[in-house]
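Have a look at the structure below, then the notes.
The values are calculated or read from the model by the stated rules, or taken from the named source; none is laboratory data. All values derive from a computational prediction rather than experimental measurement. Heads up, the Cβs are rebuilt from the backbone with ideal geometry, glycines too, and the neighbour counts pull from every protein chain shown.
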Amino acid sequence: MRRWLVGCAALFILMGTPVLAADNDADARFKAIYTKEWAWREQQFPDADEGSRKQMPDHLPKVDPATQAMRLAYWQDVMTQLGAINPASLSRGVQVDYAVYKPQIQVLIDQQLFHDYEMPANSDSSF
């Protein structure tokens, strides 16, 4: 009986290891995507974080058409990378992060597609 239990435990461990490795791999891939994208976003919009203790930049972010097209392409690539990850392969907590992050990237894409960057500076309160 003891051999049978040890054998079952060993089989369970051996069968469970690839699943855990796959979960960790998917989690790591997702983390790599959002970490890289966030660093890139901070470079594009260095003053976006109002609570930051960083020194304010001495210039405004680029807003020319080429830069706007590059941003759209970048976020579309991020969305493609996210689409390659099966959310079910992520650990539970990371599934929640994924469910929040992916729509945020879609909003950034939509803002580029609808040219939100052309909105007048005072359009939040009046026209």
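Below are the figures for this structure:
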quantity	calculated
Hits in region 77-100 (condition: assigned to a helix (DSSP H, G or I) and either closer than 11 Å to Ile33 by Cα or among the polar types (S, T, N, Q) (or both))	Asp77, Val78, Met79, Thr80, Gln81, Leu82, Ser89, Gln95, Tyr98
Candidate set: region 58-81, residues that are of a type in the set (Val, Ile, Thr) and more than 15 Å from the chain's Cα centre (by Cα); chosen: the one surrounded by the most Cβ atoms within 10 Å (Cβ to Cβ)	Thr67
Test: residue in region 42-60 that is farther than 19 Å from Tyr117 by Cα, in a helix (DSSP H, G or I), modelled with pLDDT of 80 or more and charged (D, E, K, R)	no
